[in-house]
Amino acid sequence: MLGDPNFNRSVVLLCEHTVGAGSFGLVLTRTLEERMGELMPSLADFDGPVGQGGPVQLDTLHFVHRHGEQVSEAIEIHEAGVYWGGDIAAVEQLVLTGQTGPEQMRFFAGYAGWDDGQLQAEIEEGSWFVADLSLDLLFSTPPENLWRTVLRRMGGQYALLANFPADPRLN
């Protein structure tokens, strides 16, 4: 409904939502052609895809992970032990020693951002559906399958949308 191709059939992990300050999220359904080593050579051993976290500041690196105890300054964004950001040197050490991988960490170039009240207004107008976070969706579901999988799990009218063609004229 937004008409913005950056968010067409996308799933966004909302990392921060502060009344008066706006919202910050990462698009989970878009990936870059570049591998991690091309963006940051010290993380070349990371074997997972790099996501395009959104259209804002594509020259910045963001990450979500399950290593809150090992990565200082990480911000817990979900009670199931999902963290956003933190000390990049600790992350480099986890990657270098093989203590992490795509099943525990995801990297993103750029992010999605909303001004104060903007995201809430878009939700109220029906441009976004809100779903609970599931760890298997975040770390195990291939990005290209994520949108459909989330809608199917939501059930009912949402599950019907999961199979709706991107362009109904081509059906």
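Results, tabulated for the structure shown:
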| read-out | value |
| --- | --- |
| Complete set of residues in segment 50-76 that are farther than 23 Å from LEU146 by Cβ, in contact with a strand residue (DSSP E or B) (Cβ under 9 Å, 6 or more places away or on another chain) and touching a residue at least 24 places away in the same chain (Cβ under 8 Å) | ASP59 |
| Matching entry among VAL71, VAL82, VAL95, VAL56 (being closer than 16 Å to LEU14 by Cα, open to solvent by less than 40 Å² (accessible area, probe 1.4 Å) and among the β-branched types (Val, Ile, Thr)) | VAL82 |
| Residue tally, condition within 16 Å of VAL11 (Cβ to Cβ) and either among the charged types (D, E, K, R) or open to solvent by 50 Å² or more (accessible area, probe 1.4 Å) (or both), over segment 109-122 | 1 |
| Within segment 29-49, tally of residues that are open to solvent by less than 30 Å² (accessible area, probe 1.4 Å) and in contact (Cβ under 8 Å) with a residue 60 or more places away in the chain | 4 |
| Condition check for LEU14: open to solvent by 50 Å² or more (accessible area, probe 1.4 Å), at pLDDT 95 or above and part of a strand (DSSP E or B) | yes |
| Pairs, first of a type in the set (A, V, I, L, M, F, W, C) and open to solvent by 90 Å² or more (accessible area, probe 1.4 Å) in segment 141-161, second at pLDDT below 95 and part of a helix (DSSP H, G or I), C-beta under 8 Å, six or more apart | none |
| Candidate set: segment 17-28, residues that are assigned to a strand (DSSP E or B) and aliphatic (A, V, I, L, M); chosen: the one surrounded by the fewest Cβ atoms within 10 Å (Cβ to Cβ) | VAL27 |
| Number of the condition not met by MET105 [criteria: (1) touching a helix residue (DSSP H, G or I) at 6+ places or on another chain (Cβ under 8 Å); (2) of a type outside the set (D, E, K, R); (3) under 20 Å from LEU32 (Cα atoms); (4) open to solvent by 20 Å² or more (accessible area, probe 1.4 Å)] | (4) |
| Pairs with Cβ under 9 Å, 6+ apart, first in segment 99-122 and among the basic types (Lys, Arg), second open to solvent by 50 Å² or more (accessible area, probe 1.4 Å) | ARG106/PRO49 |
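The values are calculated or read from the model by the stated rules, or taken from the named source; none is laboratory data. What you see is a predicted model, and the numbers here were worked out from it, not measured in a lab. Glycine also receives a Cβ, built like all others from the backbone with ideal geometry; neighbour counts cover every protein chain displayed. We work out accessible area using only protein heavy atoms, side chains counted, and drop any ligands, DNA or RNA first. Shrake-Rupley method; radii C 1.70, N 1.55, O 1.52, S 1.80 Å.
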